[in-house]
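Right, one structure below, let's go through it.
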Ligand code: SF4
């Protein structure tokens with residue numbers, strides 16, 4: 001087994017509700033609702049769909065006082081930590097802080113007078129909640145735009161440091177920072193520069209990355225590159241797609257880098273004329289059927305014996321396609337033969353059995369340790 005070479009950059013640990021961000025905490029995945037926040041039912045349902053696929057933190061836009069009240073209702077109805085996304089109006093920040101927000105996404109430099117900033121920081125301290133400074137290449141301060149001529153990594157850094165300095169001056173350190181751009185190189189440059197300046201956790205993202213397929217690729221390149229350098233403590237994939245799709249892509253990136261597991265890591269053949277069954281169809285069905293599985297495991301489904309045994313030996317469950325029966329490996333050892341026409345049902349049953357075995361073992365361990373105390 002190749003050792004994972006990624007060494008995470010040491011950062012201070014902050015808290016977003018029940019989720020820690022930074023330090024040795026797992027890299028968390030977040031998304032943002034796109035429903036009208038005042039439509040509490042729709043927003044709660046969307047948050048739940050994201051939680052069902054593993055979202056650790058959800059962000060909700062709070063553009064008005066009416067939305068702030070709705071945010072309070074949403075807060076009561078979901079368990080997942082909520083970030084309130086606020087621009088400019090400090091009174092909204094004060095209200096959602098009282099209504100149970102776990103984090104305020106607001107830039108102190110945009111709030112206005114020093115007195116207003118102090119009030120927001122005092123509310124965050126009083127309610128024990130964190131903040132996120134979010135700098136975007138598309139909305140840099142006018143003087144910074146003028147100074148640099150165009151968004152650059154240094155320009156994003158300068159903007160972020162202005163907001164950071166304000167919070168530092170007020171002795172508030174429970175915040176994370178993002179410096180997002182829609183360009184891969186600019187995003188990476190800005191985060192690299194920022195990571196050399198502060199030890200606060202970094203929230204990664206390529207903003208306005210685009211539609212599902214191209215946005216996912218762009219995000220995977222930029223965020224994957226940063227994560228491989230050890231940069232990044234939490235992330236959002238910004239796609240013109242439903243938020244639950246953002247969560248799934250986020251986990252796929254972390255899974256690919258061995259940074260976090262969330263369900264099944266499938267290993268499967270590409271299109272190939274040697275395959276003994278329709279790999280694409282089988283994999284599409286399996287992925288849909290097993291979307292609810294959260295227990296990490298490697299499942300290889302390989303179309304023929306060329307690479308089948310090699311992959312199967314490295315997986316928790318492996319299938320080597322053959323006709324009329326395919327060979328199953330469990331924990332790297334040959335196990336039994338299954339009907340190739342029943343592959344989906346057979347693999348699903350094996351995965352669910354493994355999940356059940358792991359959960360039983362965990363329950364037994366809890367009982368054993370409880371009674372030995
Ligand atoms: S393992 Fe077999 S089916 Fe799969 S890609 Fe290789 S040759 Fe094709």
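Please treat every number below as a calculation from the coordinates, not as lab data. Because the structure is a prediction, the values reported are computed rather than measured. Don't worry about glycine lacking a Cβ; one is built from the backbone with ideal geometry, like all the others, and counts go over all protein chains shown.
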Exercise for the section: Evaluate the distance, in nm, between pseudo-label points positioned 7 Å from the Cα of residue 162 and of residue 368 along their respective Cα→Cβ axes. Expected result: 5.9 nm
Fill in the blank from the handout: Between the modelled labels at residue 294 and residue 359 (7 Å from Cα along Cα→Cβ) the distance in nm is 1.0 nm
Exercise for the section: Please report the relative contact order for the chain, taking Cα pairs under 8 Å with a sequence separation of at least 6, and give it as a percent rounded to a whole number. Expected result: 13 percent
Fill in the blank from the handout: segment 202-239 and segment 1-48 have their Cα centres apart by a whole-number Å value of 13 Å
Handout entry: Ranked 283, 235, 228, criterion: other C-beta atoms within 10 Å, fewest first
Key = 228, 283, 235
Completion exercise
Note on segment 264-372: contact order normalised by length, alpha-carbon pairs under 8 Å, 6 or more apart, percent, works out to 20 percent
Problem - Relative packing of peptides 78-84, 265-271 - highest average C-beta neighbours within 10 Å first - result: 78-84, 265-271
Completion exercise
Expressed in angstrom and rounded, the centroid-to-centroid distance over alpha carbons for segment 158-198 and segment 67-141 is 18 Å
Completion exercise
Note to self, the chain gives a 222 nm [θ] from helices alone (DSSP H runs n ≥ 4, -39500 (n - 2.57) apiece, / all residues, nearest 500) of -14000 deg cm²/dmol
Problem - P(r), alpha carbons of segment 264-372 - 10 Å bins starting at zero, rounded % - result: 15, 46, 25, 9, 4, 0
Exercise for the section: Find the Cα radius of gyration of segment 14-256, compare it with 2.2 N^0.38 Å by division, and give the number to two decimals. Expected result: 0.94
Exercise for the section: Provide the percentage of antiparallel DSSP beta bridges, counting only those with both residues in the chain; round to the nearest 5. Expected result: 25 percent
Exercise for the section: Considering only DSSP beta bridges where both residues belong to segment 264-372, give the percentage that are antiparallel (nearest 5). Expected result: 55 percent
Practice task
Could you list 21, 184 in order of exposure, starting from the residue whose Cβ has the fewest other Cβ atoms within 10 Å?
Solution key: 184, 21
Fill in the blank from the handout: Taking a ≥ b ≥ c as the square roots of the eigenvalues of the Cα gyration tensor, with a/c under 1.5 meaning rounded and otherwise prolate when a/b exceeds b/c and oblate if not, segment 280-324 is oblate
Exercise for the section: Could I have the simple spin-label model distance between residue 78 and residue 240, label points 7 Å from Cα toward Cβ, reported in nm to one decimal? Expected result: 2.4 nm
Completion exercise
So the angle from the long Cα axis of helix 114-126 to the longest Cα principal axis of the chain, reported in degrees to the nearest 10, equals 40 degrees
Practice task
For the chain, find the longest principal axis of its Cα atoms and tell me its angle to the long axis of helix 184-195, 0 to 90°, nearest 10.
Solution key: 70 degrees
Completion exercise
Least to most buried among 257, 140, by other C-beta atoms within 10 Å and fewest first, runs 257, 140
Practice task
Please find the FRET efficiency linking residue 88 to residue 12, where r is the Cβ-Cβ separation and R0 is fixed at 30 Å, and quote it to the nearest 0.05.
Solution key: 0.65
